[in-house]
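Take a look at the structure set out below.
Coordinate-derived values only; no laboratory data. Please read all numbers here as calculations on a predicted model, not as lab measurements. Cβ: placed from backbone, ideal geometry, glycine included. Neighbour counts: every protein chain shown.
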Amino acid sequence: MGEALVEIKNLKKYFTMKKRLFSREHSYLQAVDDVDLAIMKGETVGLVGESGCGKTTVGRTILRLYEPTDGEIFFSGENIARISQKDMLPYRKRMQIIFQDPYASLDPRLLVKEIISEGMDKSLTKREVQKKVAFLLSKVGLNSEHANRFPHEFSGGQRQRIGIARALAVEPEFIVCDEPISALDVSIQAQVVNMLEELQDDFGLTYLFIAHDISMVKHISDRIAVMYLGKIVEVAESNELYNRSVHPYTQALLSSVPIPDPVEARQSKRIILQGDVPSPIDIPPGCRFRSRCRYAMEICGKETPVLEEIDPGHFVACYLTKK
Ligand SMILES: Nc1ncnc2c1ncn2[C@@H]1O[C@H](COP(=O)(O)OP(=O)(O)OP(=O)(O)O)[C@@H](O)[C@H]1O
Ligand SMILES: [Mg+2]
């Protein structure tokens with residue numbers, strides 16, 4: 001594979017929480033704990049896991065919207081983990097984010113053309129801006145007449161398209177797509193995913209695509225990383241992960257995906273995940289999934305498994321692979 005556009009190494013993001021109101025004692029909420037991930041130029045990496053496992057925090061920390069607690073963030077080979085916010089400015093345009101909620105992410109008082117052109121190069125003339133807005137609208141399946149309307153005049157899917165046009169306006173190289181289709185009707189989810197794929201080809205974009213379940217990212221992702229309670233537990237090429245998953249958590253996530261073929265569905269064993277994700281505050285040592293794992297062994301409570309390559313490009317953090 002080519003070179004990495006984005007690479008995180010041992011990335012940690014802990015939020016400090018007061019133990020009690022008016023107390024000086026703190027606990028640490030380990031939202032992201034020692035995460036390694038490389039995203040190649042032009043690649044789409046899917047990041048999946050249940051609610052609260054740290055997906056958004058990974059995305060926001062890469063963009064330095066959250067300050068990393070520790071670790072490295074390389075963008076185009078430069079370590080941006082600790083540079084000042086001023087030095088981050090040139091990178092701001094090169095990295096963008098698209099949000100889950102198209103309703104909340106657009107300023108209702110601005111016209112669509114103002115929303116899209118907000119981040120554009122200030123040296124552009126009015127006419128150039130107008131042309132660029134029209135071009136971007138056409139790229140996301142809208143038209144230039146939409147430029148003079150307000151966000152409330154659009155459907156959820158159309159608003160998400162406006163959000164995508166706004167992200168593209170600064171000509172980014174990397175986009176964190178944070179559950180961009182989860183809030184949309186099932187009927188338009190595929191349209192938006194297809195559009196994101198076309199835009200990726202047209203503009204040579206690199207994506208980190210966040211979603212709850214694997215089925216949503218399988219089609220668009222080259223590789224998929226599965227996260228559980230702040231850690232990546234399995235990474236593999238998309239088909240490999242779908243067909244030959246190894247981590248019990250990945251298998252449980254996959255078995256909760258409805259199978260369209262009734263015969264196949266009857267034959268497959270559904271693994272029901274018991275309970276919720278445990279608290280991410282002051283996590284004890286050991287494998288974080290062990291409290292919900294059907295195969296938990298003694299060692300899982302003592303030591304924390306690390307990601308190891310079990311097949312070329314297929315990484316798993318689980319002691320079962322060592323049995
Ligand atoms: N600004 C914050 N301050 C304190 N805790 C936070 C903050 N942002 C996130 N967290 C906590 O960090 C953990 C990870 O949250 P995050 O939003 O990254 O999860 P997620 O995987 O994106 O979940 P979801 O699928 O619900 O969007 C959660 O326990 C969350 O409560
Ligand atoms: Mg999230």
How would L37, L21, L110 line up from fewest to most surrounding beta-carbon atoms within 10 angstrom? L21, L110, L37
Percent relative contact order of the chain, based on C-alpha pairs within less than 8 angstrom and at least six residues apart? 20 percent
Rounded to the nearest 20 debye, dipole of the chain from Cβ charges on Lys, Arg, Asp, Glu: 940 debye
Quick one: which residues, 5 or more positions from Y228 or on another chain, have an amide H under 5 Å from its amide H? H modelled 1.01 Å from N in the peptide plane, none for Pro or chain starts. V233
Over the chain, what per residue volume does the convex hull of the Cα atoms give, in whole Å³? 164 Å³
What order do you get for M195, M227 when you list them from fewest to most C-beta neighbours inside 10 Å? M195, M227
Around A81, which amide H atoms from residues at least 5 apart in sequence, or from another chain, sit under 5 Å from its own amide H, with H modelled in the peptide plane? I73
Which value at 222 nm does the chain reach when only helices count, each DSSP H run of 4 or more adding -39,500 (n - 2.57), with the total divided by all residues and rounded to the nearest 500 deg cm²/dmol? -8500 deg cm²/dmol
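If neighbour count is taken as other Cβ atoms inside 10 Å, put Y295, Y228 in order from fewest to most.
Listing Y295, Y228 from fewest to most nearby Cβ atoms yields Y295, Y228.
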State the antiparallel share, in %, of DSSP beta bridges confined to the chain, rounding to the nearest 5. 60 percent
Which of A4, I116, C293 sits farthest toward the positive end of the charge dipole of the range 4-322, with +1 on the Cβ of Lys and Arg and -1 on the Cβ of Asp and Glu? I116
When the Kirkwood radius is taken over all Cα pairs of the range 63-102, what Stokes-Einstein diffusion coefficient follows at 37 °C and 0.692 mPa s, in µm²/s? 293 µm²/s
Write down Rg/Rh for the range 1-124, rounded to two decimals, with Rg from the C-alpha atoms and Rh from the Kirkwood relation over Cα pairs. 1.02
Cα-based convex hull volume of the range 98-226 per residue, rounded to whole Å³: 101 Å³
The range 284-323-the range 53-69 distance, computed between alpha-carbon centres (Å): 24 Å
Using the Cα centre of the range 4-322 as origin and beta-carbon charges of +1 (Lys, Arg) and -1 (Asp, Glu), tell me which of T61, F203, G313 is placed farthest towards the positive end of the dipole. T61
Pull up all non-local amide H partners of T44: gap of 5 or more, or a different chain, and H-to-H distance under 5 Å with H placed in the peptide plane. Y207, D222, R223
Exceeding 24 Å between C-alpha atoms, which entries from my cross-link table qualify? They are K93/K132; K302/K322; K93/K231; K93/K218. K93/K231; K93/K218
Solitary cysteines of the chain, where the nearest other Cys Cβ is not under 4.7 Å: C53, C177, C293, C318
